[in-house]
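Remarks on the structure that follows.
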Amino acid sequence: PPPPSPRIPEPAAGIITAMLRKPARFLLILLLLGGRAGAAADDVPGPDGLVVSASRPASKVGGAVLAAGGNAVDAAVATGFALAVTYPAAGNIGGGGFMVVRQPDGSATSFDFRETAPANARPDMFLDDRGEIDTDRIEAGYLAVGVPGTVRGLALAHARLGRLPWRDLVEPAARLARDGFPISPTLAAALNRELAGPMRPFPGSVAAYGKPDGSPWQAGDRLVLADLAVTLEAIATDGPDAFYTGRNARLVAEAMAANGGLITRADLAAYTARERPPVCGCFLGHEVISMGPPSSGGTALLQMLGMFEALGLERLPADSAEAVHLTTEIRRRAYLDRARYLGDPDFVAVPVDRLLARPYLQRLAAGIDREQAADSRQLAGDLVGHPGSDSGETTHYSIVDGEGMAVATTVTLEGSYGSHVVAPGTGFLLNNEMGDFNRKPGQTTASGEIGTPPNQIAPAKRMLSSMTPTIVTKDDRVVLVTGSPGGRTIIITVFDVVTGVVARGLEGRAAIDAARFHHQWLPDRLIVERGGLPADLRRQLEILGHTVMERGSQGAAHSIWISPQTGTPLGIADHRGPDAAAAAAPPAAVGEPSP
Ligand code: DON
């Protein structure tokens, strides 16, 4: 069936009237409405199920699993393994992630397969002789690697909720790695950059990802990942133990020992994925289901939504200075609480219930000055001592099946291509997730370095994440499945998409296309997507005391939105991810964002 005809929701109609009165705001409004001509034509309807991911071949693998009778969790497992092949910047078996699942009966759960610190990790392991943070050792190389969680996590989700045989879900990825696949212009360029720079010091990485004749990759070349195929084949046949014990564990541990890394065979054997209750909350008559600690994502998202509702922000035009100011203040407060309280719940008591209690959020909201931006450092009392940013890559994928099961999964290697290390013979990239711990105990700086106790390094502890895989329902039906990459901006991107759909009445595509703006408490800056903020609005925000800056695009929220009119799920690949695609079950219809 064709996508439903575009409909301008009521609040948006109000914005159009305002636009005619204030033409200077035209650009923002255009972005808010998803003004990219013909964008909706990219949306893929999937009444029998849908997979939307950063990579077209990976989406097709998931779509084929749905077509073969797999449920959404089966498709998530298969898509996850396929992304480890076709989207090496962030898709992984050498990293970690989170999966949020809502079953057709309304019950929800989540799977935590976040990396852990190795047994020999220490809180000050990233400080140099002068006691300063050594960013080189965080950004690349063996010391930055956390014990990978993805294979155990996908296996746990499959054991709990999957339907098809495990082998059938891993095999498509093994086949992609063994037979190779034609690479996109984006992947060719990224691999060439990696091989010329960050991967160069690591022979295992060059052997795995270099073109056999040593020349640069061209779009359309076939990338064959022979070692990865062997590793995936072993996982397909012998299950997750093939990753955590035996040959693979030996190869990883030997390379670690030879190159200053910490991970041992014992660390790998001890890794455990966890099923945890998700965090849930009400927002304007909808239920929001998201990831709890050790991700900060769901908790901060629900805090921001609670403050949004307390302030009645849905009644203000989204493009007004007042709305942008108040939303910024909400963000500032949620990110301050994130720094104060959030960490691995197996190690620190995270007061999630108290942070999400309505009276607490109403009190926070009531403390916001409508006329003046707060000062992040003052707001934090004595938390901030001295004078960071998030970089790299993560990837989110969204799935629904024909029976109404929904799965939101976000996985990461932390930086793009993680630590840039492939342990020789294994074929897969290892993460650099250790940098998501607080790197210098006690040092919280105005530039965004956080040194608070809850997220300091300890053996076997999980580092705090911002990943926010999220499912929104109304009247017991799924409305939205979403999530994003983007480090600390992830939570904001998800907040923008959720409020776009729920509070502004935007259609899915318009909510995804809308200009995003970010604030994370520290650094104390309001950062907007380039071109997303008209000059007069920017001036008003500056008068209110905000420091406004521009950036390139923020996030890549590959989402599924269920049209309330038709009830049909639409796969919406975010245009900010150039190779993203939605695949419906059966996987005949494959849509891609326009270039
Ligand atoms: O877990 C986290 O929050 C980070 N490691 C995610 C990193 C990230 O999203 C970088 N991507 N663009």
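The values are calculated or read from the model by the stated rules, or taken from the named source; none is laboratory data. Predicted, not measured: the structure shown is a model, and the values here were computed from it. When we count neighbours, we look across all protein chains shown, and the Cβ atoms used for this are built from the backbone with ideal geometry, even at glycine. All accessible areas refer to the heavy atoms of the entire protein, side chains included, with ligands and DNA or RNA removed. Shrake-Rupley method; radii C 1.70, N 1.55, O 1.52, S 1.80 Å.
Pick out, in residue order, every one of the trypsin sites (Lys or Arg not before Pro) in segment 513-554 that is DSSP loop and has at most 13 other C-beta atoms within 10 Å; say none if there are none. Answer in residue order: ARG530. A compact globular protein would have a Cα radius of gyration near 2.2 N^0.38 Å; the ratio found for segment 155-281 is 1.26. 222 nm [θ] for the chain, helices only, -39500 (n - 2.57) per DSSP H run of 4+, per residue, to 500? One gets -10500 deg cm²/dmol as the mean residue ellipticity at 222 nm. Under 17 Å of direct C-alpha separation, and excluding same-chain neighbours fewer than eight residues apart, LYS461 reaches these aspartates and glutamates: ASP112, GLU115, ASP124, ASP267, GLU275, ASP344, ASP346, GLU414, GLU433, ASP436. For THR135, what is the net charge nearby, where nearby means another residue's Cβ is under 12 Å from its Cβ and Lys, Arg count +1, Asp, Glu -1? Local charge sum for THR135: -3. Cross-link partners for LYS211 among the aspartates and glutamates, with Cα-Cα distance under 18 Å and sequence neighbours closer than 8 places in the same chain left out: ASP179, GLU194, ASP221, ASP227. So, with a 1.4 angstrom probe, what is the percent of accessible area on segment 141-209 that is carbon and sulfur? Percent of accessible area from carbon and sulfur atoms in segment 141-209: 60. With protein chains left intact and a 1.4 Å probe, residues in the chain average 35 Å² of accessible area per residue.
Taking the 1.4 Å solvent-accessible surface of segment 463-567 as the whole, the part contributed by carbon and sulfur is 48%. If you take the alpha carbon atoms of segment 462-595 and fit the smallest convex hull around them, that volume is 152 Å³ per residue.
The alpha-carbon positions of the chain define a convex hull whose volume is 133 Å³ per residue. Mean separation of Cα pairs under 8 Å and 6+ residues apart, divided by the residue count of segment 160-301: what relative contact order is that in percent? Normalised by residue count, the contact order of segment 160-301 is 20 percent.
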